[in-house]
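What follows is one structure encoded as structure tokens, with my remarks underneath.
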Amino acid sequence: MYHGPAAPQILAMTDAAVAGLTIGISVYAAVILIAVGLGISAARRGQRRAAWIYAVVVAVLTVVGVVIAVVSSVA
């Protein structure tokens, strides 16, 4: 039996949880930017192996971030 649209679900987070999430996202983004900078620096110094390692680190962190965002939005 259908009784109209479902009531919206409201999820509330505590201030501490929101602050922790904000700090976590900021640190995660900072780690990605640091890896980009180190990779560029290594490439400019001719350290190809280190540059590739940093490129892989950036790619993995980016993909993991997208996967976590998608999973958290679905769940």
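The values are calculated or read from the model by the stated rules, or taken from the named source; none is laboratory data. Since the model is a prediction, treat every value here as computed from it, not as a measurement. Please note: Cβ atoms are built from the backbone with ideal geometry, for glycine as well, and neighbour counts cover all protein chains shown. Accessible surface areas use protein heavy atoms only, side chains included; no ligands, DNA or RNA. Shrake-Rupley method; radii C 1.70, N 1.55, O 1.52, S 1.80 Å.
Number of residues in segment 44-53 that are open to solvent by less than 60 Å² (accessible area, probe 1.4 Å) and part of a helix (DSSP H, G or I) equals 2. Annotation note: Cβ proximity below 9 Å between a residue of segment 61-75 that is modelled with pLDDT of 95 or more and a residue that is among the small types (Gly, Ala, Ser) (sequence gap 6+ or interchain) occurs for Leu61/Ala35. In segment 18-29 there is no residue matching the filter, namely being more than 25 Å from Ile68 (Cα to Cα) and either at pLDDT below 95 or open to solvent by less than 100 Å² (accessible area, probe 1.4 Å) (or both).
Residues in segment 30-43 that are open to solvent by 70 Å² or more (accessible area, probe 1.4 Å) and over 16 Å from the mean Cα position of the chain (by Cα): Leu38, Ile40.
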